[in-house]
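Participant: One structure, as structure tokens, below. Some questions next.
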There are 2 protein chains.
Amino acid sequence: MTDGLEVLPVRGIGDVTAGDDLVALITAAAPWLAAGDVLVVTSKIVSKAEGRLVEVPADGPERDAARAAALAAETARVVARRGPTTIVQTHHGFVMAAAGIDASNVDKTHLVLLPADPDASARRLRAGFLARGLDVAVVVSDTMGRAWRNGLTDVALGSAGLEPFRDHRGETDPYGNELSITQMAVIDELAAAGELVKGKCDQVPVAVIRGYLSAPTTEAAGAAVLLRDPASDMFSLGTAEARTAGLLDAARLTDTAPHQPADPTAVRRAVAAVSEVWSPRTTVDLSPTAAVLRTADTTPTGFMRLGADAHRLRAALAAESIATVLVPLPDGVRLELASA
Amino acid sequence: MTDGLEVLPVRGIGDVTAGDDLVALITAAAPWLAAGDVLVVTSKIVSKAEGRLVEVPADGPERDAARAAALAAETARVVARRGPTTIVQTHHGFVMAAAGIDASNVDKTHLVLLPADPDASARRLRAGFLARGLDVAVVVSDTMGRAWRNGLTDVALGSAGLEPFRDHRGETDPYGNELSITQMAVIDELAAAGELVKGKCDQVPVAVIRGYLSAPTTEAAGAAVLLRDPASDMFSLGTAEARTAGLLDAARLTDTAPHQPADPTAVRRAVAAVSEVWSPRTTVDLSPTAAVLRTADTTPTGFMRLGADAHRLRAALAAESIATVLVPLPDGVRLELASA
């Protein structure tokens, strides 16, 4: 039963207001703190102590408007919207519903914003404990939803004094396989473990995890290393929002110079995708480098429909990553093809 | 320091093979188990004991092919692909890279699949402990990636004997605010806490969480309640995949009967989105219920370009959730508009 860890609640911290010294409050409530402890501190009390509050009307449409303004101010970009839910990326880089703005555990005339820089908050707290002779690590935590799974879990917004990842790169298992799972987000797991004892209504905003660290690491990176930048995120936009972006892509397709032959199977798939919605008078001839569309209806309406059908096929080809150049012919249109 | 919890590693379980009695192995390794403990059991040893292994060649292209076949068999739908990474939804409903198939901690001629029914596995284990007089709860855990955040965490694939959620619905905070954060996914947090002591290379496949439960709940739902169905998931597809779906939507747009006027601002946005890529000869007249496109070029090519431009505008309007019916005119085309 050795080598385990303990997760301990810190009770009696009471209400926190702007300007409060959290280190003093926590050490008074938990005189048993010891070197090597990891303190998981709910971001709510960090925000309150730092005065990250917005005054809002207690109710009515004015409250809704003030709340919307606060959300807009905290938002770097909207990730997804559905019904009353807005998931945004904050200026810090967190992807959270309502930018993490919270109206719970605060009086009705205030909203609580996230700390302006949770890693800096964690470092300040750690420095404050160190000044009292306590060499502890700090995780600033908050509650987040996730894609794909119901329910919320606590994760780390900020950290100081411990490595955010446990890294298995280069290690091998007992069978000699190199480990493919390299980076465990241990500060998120510590935040989750802390939440199990904190609870939301019991006024326990701090948990202590004892036995995880042998000693804090002064030079460790902060929790910001857990933020995935949108370019490397396969889920940077909500599905509906990305689908809308695809419609706009189709609306704005431009000629792209062909540079290599397109995969004939993919071209046939694209034709199959649109041919059932084409004008019955439209025909297509495929070659390795082009699709030529003609119409049996040589009226203005016939050519107009041919043009619409050609753009449908361009969009379907774009969905197969095949770029096109549109070349008008006297009696039709040629789409020159190239793998994108 | 009361009311905390302990997270304890179970050492000495050793290698697990098909047919092994996990309850016997765990109770032998942890004679200190007690009623009310939550056992977090790594799914890998559950799979091994249940014989959920696939034989594969140790290397070469045959191994890659066998691995791809195993992935296809475990996949209900592909969620996102990028480079070597394929994220799928499994037949169970989990969204995981490579369907959770793992080649680590097993000899080179086998792959380990997820348990066929992790909730059933958890119930069987719990029943096995009960038969030995130990009333414990069981969480079957595995390691998953997430959207938006780097690093992996352990979550619950299966559970028995405890509520998957801690539910705050209907509760109020000390300020009288009704709590908006309702459901904490505590079994995922327990899995995360367990991972902190298990480690990947240290042959500790089971952790015990003591002090979390006062007593197990026999009738609790399993971890399957954490699975969000794709229809209610705002991130059911990768961004690139959804964008491709939007291109295909544009390719396959069909006439939709108008039923209510479209928002004029949204219509103007759609026109602005496409007018810079339109033929310079195309003009548009907007009314509350229609967009009429005409061209100054009355050759076949002119009408063909007009048709392509009309389809561009249809796609841009669809991106604004405005449905259209295309009506040919003798000298142009009318798009009848309606909010979708």
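Participant: Hand me the list of strands (runs of 3 or more DSSP E) wholly inside the range A:228-340 holding 2 or more residues that are within 32 Å of the chain's Cα centre (by Cα) and over 23 Å from B:Val333 (Cβ atoms).
Facilitator: By residue number, A:322-329.
Participant: Looking at A:Val267, A:Val204, which one is closer than 30 Å to A:Arg11 by Cα and not small (Gly, Ala, Ser)?
Facilitator: Exactly one residue qualifies, and that residue is A:Val204.
Table: residues versus (1) touching a residue at least 24 places away in the same chain (Cβ under 8 Å); (2) over 30 Å from B:Trp32 (Cα atoms); (3) within 14 Å of another protein chain (Cβ to nearest Cβ); (4) open to solvent by less than 20 Å² (accessible area, probe 1.4 Å).
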{"residue": "A:Val16", "(1), (2), (3), (4)": "yes, yes, yes, yes"}
{"residue": "A:Gly19", "(1), (2), (3), (4)": "yes, yes, no, no"}
{"residue": "A:Leu22", "(1), (2), (3), (4)": "yes, yes, no, yes"}
{"residue": "A:Ala99", "(1), (2), (3), (4)": "yes, yes, yes, yes"}
{"residue": "A:His110", "(1), (2), (3), (4)": "yes, yes, yes, no"}
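Participant: Please work out which one of (1) modelled with pLDDT under 95; (2) out of contact with any helix residue (DSSP H, G or I) (no Cβ under 8 Å at 6 or more places or on another chain) is the condition A:Asp102 fails and give its number.
Facilitator: (2)
Participant: Sticking with this one: How many of the residues in the range B:299-321 are more than 7 Å from chain A (Cβ to nearest Cβ), on the phi < 0 side of the Ramachandran plot and surrounded by fewer than 24 Cβ atoms within 10 Å (Cβ to Cβ)?
Facilitator: 3
Participant: Find the residue count for the range A:198-215, including only residues that are at pLDDT below 95 and either among the acidic types (Asp, Glu) or not in a loop (DSSP other than H, G, I, E, B) (or both).
Facilitator: Residues that pass the stated criteria total 2.
Participant: With the structure loaded, tell me whether B:Ala215 is within 27 Å of the chain's Cα centre (by Cα), more than 10 Å from chain A (Cβ to nearest Cβ) and aliphatic (A, V, I, L, M) or whether it fails that test.
Facilitator: Spelling it out, it is not the case that B:Ala215 is within 27 Å of the chain's Cα centre (by Cα), more than 10 Å from chain A (Cβ to nearest Cβ) and aliphatic (A, V, I, L, M).
Participant: Also: Please state which of the following conditions A:Glu241 fails to meet, knowing it meets all the rest: (1) in contact (Cβ under 8 Å) with a residue 60 or more places away in the chain; (2) open to solvent by less than 20 Å² (accessible area, probe 1.4 Å).
Facilitator: (2)
Participant: Restricting attention to the range A:153-196, report how many residues are small (Gly, Ala, Ser) and within 7 Å of chain B (Cβ to nearest Cβ).
Facilitator: So the answer is 4.
Participant: Right, next: All but one of (1) at negative phi; (2) over 22 Å from the mean Cα position of the chain (by Cα) hold for B:Ala191, so report the exception by its number.
Facilitator: Failed condition: (2).
Participant: Enumerate the pairs (first residue in the range B:290-310 and free of Cβ contacts under 8 Å to residues at least 60 places away in the same chain; second residue anywhere and open to solvent by less than 30 Å² (accessible area, probe 1.4 Å) and charged (D, E, K, R)) with beta-carbon separation below 7 Å, excluding pairs fewer than 6 apart on the same chain, so at least 6 apart or on different chains.
Facilitator: B:Leu293/B:Asp309
Participant: Moving to a separate point now. Are any residues in the range A:149-165 over 15 Å from the mean Cα position of the chain (by Cα) and within 22 Å of B:Leu157 (Cα to Cα), and if so, which ones?
Facilitator: A:Asn150, A:Gly151
Participant: Restricting attention to the range A:152-183, report how many residues are surrounded by fewer than 22 Cβ atoms within 10 Å (Cβ to Cβ), outside any strand (DSSP E or B) and not β-branched (Val, Ile, Thr).
Facilitator: 13
Participant: Against the condition free of Cβ contacts under 8 Å to residues at least 24 places away in the same chain, open to solvent by 20 Å² or more (accessible area, probe 1.4 Å), more than 10 Å from chain B (Cβ to nearest Cβ) and on the phi < 0 side of the Ramachandran plot, how does A:Ser232 come out, does it pass?
Facilitator: In short, no.
Results for (1) in contact with a helix residue (DSSP H, G or I) (Cβ under 8 Å, 6 or more places away or on another chain); (2) within 13 Å of A:Arg281 (Cα to Cα), shown as yes or no for each residue.
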site	(1), (2)
A:Ala310	yes, yes
A:Val327	no, no
A:Val333	yes, no
A:Glu336	no, no
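Participant: Can you tell me which residue is farthest from B:Arg243 (Cα to Cα) among those in the range B:328-340 that are open to solvent by 10 Å² or more (accessible area, probe 1.4 Å) and more than 10 Å from chain A (Cβ to nearest Cβ)?
Facilitator: B:Arg334
Participant: Can you say whether B:Val95 is away from chain A (no Cβ under 14 Å), buried (at least 20 other Cβ atoms within 10 Å of the Cβ) and hydrophobic (A, V, I, L, M, F, W, C), as far as the supplied structure shows?
Facilitator: Taking the combined requirement at face value, the residue does not satisfy it.
Participant: Among the numbered criteria (1) open to solvent by 50 Å² or more (accessible area, probe 1.4 Å); (2) out of contact with any helix residue (DSSP H, G or I) (no Cβ under 9 Å at 6 or more places or on another chain); (3) within 13 Å of chain B (Cβ to nearest Cβ); (4) more than 19 Å from A:Ala191 (Cβ to Cβ), which one does A:Glu6 miss?
Facilitator: Result: A:Glu6 passes all but (4).
Participant: Taking interchain pairs and intrachain pairs at least six residues apart, which have beta carbon atoms under 7 angstrom, with the first residue in the range A:35-51 and farther than 21 Å from A:Ile209 by Cβ and the second in a strand (DSSP E or B)?
Facilitator: From residues that are farther than 21 Å from A:Ile209 by Cβ, the pairs are A:Ser47/A:Val112; A:Lys48/A:Val112.
Participant: On to the next question. For the range A:216-227, name all the residues that are out of contact with any Pro (no Cβ under 8 Å at 6 or more places or on another chain) and assigned to a loop (DSSP other than H, G, I, E, B).
Facilitator: Residues satisfying the conditions are A:Pro216, A:Thr217, A:Thr218, A:Glu219.
Participant: Starting from residues that are in contact with a strand residue (DSSP E or B) (Cβ under 8 Å, 6 or more places away or on another chain), crowded, with 22+ Cβ neighbours inside 10 Å and under 25 Å from B:Trp278 (Cβ atoms), keep the ones in the range A:260-292 and report whichever is nearest to the other protein chains (Cβ to nearest Cβ).
Facilitator: Result: A:Ala270.
Participant: Mind checking which residues of the range A:247-258 are facing chain B (nearest Cβ under 9 Å) and in contact with an Asp or Glu (Cβ under 7 Å, 6 or more places away or on another chain)?
Facilitator: A:Leu247
Participant: Moving to a separate point now. Within the range A:59-92, how many residues turn out to be open to solvent by less than 50 Å² (accessible area, probe 1.4 Å) and among the small types (Gly, Ala, Ser)?
Facilitator: Within the range A:59-92, residues that are open to solvent by less than 50 Å² (accessible area, probe 1.4 Å) and among the small types (Gly, Ala, Ser) number 4.
Participant: Going through the range A:122-151 one residue at a time, which ones are surrounded by 21 or more Cβ atoms within 10 Å (Cβ to Cβ), away from chain B (no Cβ under 14 Å) and in contact with a Ser or Thr (Cβ under 8 Å, 6 or more places away or on another chain)?
Facilitator: Correct list: A:Ala122, A:Phe129, A:Val138, A:Val140.
Participant: Further question on the same structure: Out of the residues in the range B:15-25 that are outside any helix (DSSP H, G or I) and on the phi < 0 side of the Ramachandran plot, which is modelled with the lowest pLDDT?
Facilitator: B:Asp15
The values are calculated or read from the model by the stated rules, or taken from the named source; none is laboratory data. A quick note: this is a predicted structure, and the numbers were derived from the prediction, not measured. Backbone-built Cβ (ideal geometry, glycine too); neighbour counts: all protein chains shown. Please note that ligands, DNA and RNA were not included when accessible areas were found on the heavy atoms of the full protein model with its side chains. Shrake-Rupley method; radii C 1.70, N 1.55, O 1.52, S 1.80 Å.
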